[in-house]
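First up is the structure itself, then whatever we jot down about it.
The values are calculated or read from the model by the stated rules, or taken from the named source; none is laboratory data. Computed from a prediction, not measured in an experiment: that's the story for all the values here. In this analysis, Cβ positions are derived from the backbone assuming ideal geometry, glycine residues included, and neighbour counts consider all displayed protein chains. Note: accessible area is taken over every heavy atom of the protein model, side chains too, but ligands, DNA and RNA are not part of it. Shrake-Rupley method; radii C 1.70, N 1.55, O 1.52, S 1.80 Å.
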Amino acid sequence: MERVSAERPRVDTSRLDRSEIIGMVAAAVLIISVFLEWYSLSTDPSLVQRGDDPSNWACGVGNSSCSGWDTFPIVGVLLLLAALAPFILSWIVIRGHALSWPRGELTAIVGLTAFVLIAYNGIVDKPEDGLEMGLAFGYWLALLASLGIFVSGGFRAVESGGGAQRKPPPTF
């Protein structure tokens, strides 16, 4: 009886390229930026407070700024999940796993999706409700970080072959 040894892929960090490192840094920045200030409100209490009840403050009682996590808890979870993509890509590259699609393609899609979510919630559908609200540093940092994830995944996808090989059309 022969013993079949399943050879495990070796961990080789020299396989990491600059694009994976940039993607992981961008993902770490995205994680941090979700908890930073995304919206800054007017300092006028009559504009920050909605109604007479003190519990109706837009960003919490006495707060004149909101983080991305406080404002959009579901989007915050989605962004934290999106930040996992570059780390998963790096693990795939380090271990040398074979994929049926170009490496980095899925990371680029996840980064672009995160970019669209952030841009929509800050530019298209900003949570104003009659408040004087401006975009703060954390918002722009999250937008830039998601763009970094997209670009790093795109570079890796191009480096690894960039798409399926196409056959020429048949001729008759």
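Here are some notes:
- Contacts under 8 angstrom Cβ, first residue in segment 70-93 being farther than 15 Å from F35 by Cβ, partner not in a helix (DSSP H, G or I), 6 or more apart: L89/R103; L89/G104; S90/L16; I92/L99; I92/R103; V93/L16; V93/D17; V93/R103
- Tally of residues being open to solvent by 80 Å² or more (accessible area, probe 1.4 Å), at pLDDT 85 or above and in a loop (DSSP other than H, G, I, E, B) across segment 18-44: 1
- Restricting attention to segment 121-137 and to residues that are part of a loop (DSSP other than H, G, I, E, B) and either at pLDDT 85 or above or in contact with a Ser or Thr (Cβ under 8 Å, 6 or more places away or on another chain) (or both), the residue that is nearest to L36 (Cα to Cα) turns out to be A136.
- Considered as a group, the residues in segment 79-102 that are open to solvent by 80 Å² or more (accessible area, probe 1.4 Å), in a helix (DSSP H, G or I) and not aromatic (F, W, Y) include one that is modelled with the highest pLDDT, and that residue is L81.
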